[in-house]
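A short write-up of the structure that comes next.
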Amino acid sequence: MAALAVLTAGLAIAFRLWPWPDLLISALFHDPAKGFAFAGRVVWDGVLLANKAASVTLVAVGLVMVPVGLWRRRAEGSSAARYWGMVLLLYLIGPGLLVNGLLKHVFGRARPEQIVDFGGQAPFTADWEISGYCRSACSFVSAEMAAGTALTTALAIGALWFDGRPAAGRFRGLALLSLGLLLLTAVQRIGSGRHFLSDLVFAALPTTMLAFGLACLLWPRTARSCTVQPRLNAP
């Protein structure tokens, strides 16, 4: 947790001092005559839809499993209810309140396809810089990246949470698949001109911190420490 916080702060400072990687990476996918390479491409739009569908599916399962776990009233049921409750809180607080409810409205960053450098009319603004060039559905940060990160971290935590049970293997396999989907989604968002690199970075890192913070608070194996490491080592 502390390492992630330091990394996030360090990258925030670096991107503000040297914002050129945002423009450079986006430029790799842009042709002045044709626009962004992946914009409107069926395959890459399918990647985005798959990312959204996977998150919707996980949340739907959570909405079912929380009451089921509470109804069972055994230790195993309580553990499952805590896990799925953590998943629901992760999506509500992360992609829901933090990203769509706060950051996108506060910073007003224009998307790559909207800025002068790539044929638009708005100026480029750095990450964490408040501007008025976008009023809704803005670039900073990426909601799709936040949701995909929530999916991947939730499944990875699930593999640890249910360690020793048959479900753990399924969680591990799904976590690996979701990681691949997350990386493809990142490429799609930049390649279609919808997000800068920093939009993705500062969607992924806070969501990851939030996921492990919630797991730390709700993990049933120990109540003595709010750190992930001792829990991973617990029998």
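The values are calculated or read from the model by the stated rules, or taken from the named source; none is laboratory data. If you're wondering where the values come from, they're calculated on a predicted model, not measured in any experiment. Reconstructed Cβ throughout: ideal geometry from the backbone, glycine too, with neighbour counts over all protein chains shown. Quick note on the areas: whole protein, heavy atoms, side chains included, nothing else; ligands and nucleic acids left out. Shrake-Rupley method; radii C 1.70, N 1.55, O 1.52, S 1.80 Å.
Of all residues in the stretch 109-156, which are of a type in the set (A, V, I, L, M, F, W, C) and within 13 Å of the chain's Cα centre (by Cα)? Spell out how you get there, then give the answer.
Within the stretch 109-156, the subset of a type in the set (A, V, I, L, M, F, W, C) is 110, 115-116, 118, 122, 124, 126, 128, 130, 134, 137-138, 140-141, 143, 145-147, 150-151, 154-156.
Hits for the stretch 109-156 are Phe140, Val141, Ala143, Met145, Ala146, Ala147, Ala150, Leu151, Ala154, Leu155.
Just the residues that are farther than 15 Å from Pro112 by Cβ and either open to solvent by 40 Å² or more (accessible area, probe 1.4 Å) or of a type in the set (S, T, N, Q) (or both), please, taken from the stretch 11-34.
The initial filter retains those residues of the stretch 11-34 that are farther than 15 Å from Pro112 by Cβ, namely 11-14, 16-18, 33.
If the condition is that a residue be farther than 15 Å from Pro112 by Cβ and either open to solvent by 40 Å² or more (accessible area, probe 1.4 Å) or of a type in the set (S, T, N, Q) (or both), then Leu11, Ile13, Arg16, Leu17, Trp18, Ala33 are the ones that fit.
Restricting attention to the stretch 110-122, does a residue exist that is without any contact (Cβ under 8 Å) to a residue 12 or more places away in the chain, closer than 23 Å to Leu11 by Cβ and among the β-branched types (Val, Ile, Thr)? Yes. Restricting the first member to the stretch 199-220 and to residues that are touching a residue at least 40 places away in the same chain (Cβ under 8 Å) and under 23 Å from Cys138 (Cα atoms), and the second to residues that are open to solvent by 30 Å² or more (accessible area, probe 1.4 Å) and not in a helix (DSSP H, G or I), the beta-carbon pairs closer than 7 Å and six or more apart or on different chains are Met209/Met1. Quick check, is Lys52 of a type in the set (Lys, Arg), surrounded by 19 or more Cβ atoms within 10 Å (Cβ to Cβ) and within 18 Å of the chain's Cα centre (by Cα)? Considered against the rule, which asks whether it is of a type in the set (Lys, Arg), surrounded by 19 or more Cβ atoms within 10 Å (Cβ to Cβ) and within 18 Å of the chain's Cα centre (by Cα), Lys52 comes out as no. Within the stretch 32-39, is there a residue that is touching a Leu at 6+ places or on another chain (Cβ under 7 Å), under 16 Å from Leu184 (Cα atoms) and of a type in the set (A, V, I, L, M)? Taking every residue of the stretch 32-39 in turn, none turns out to be touching a Leu at 6+ places or on another chain (Cβ under 7 Å), under 16 Å from Leu184 (Cα atoms) and of a type in the set (A, V, I, L, M).
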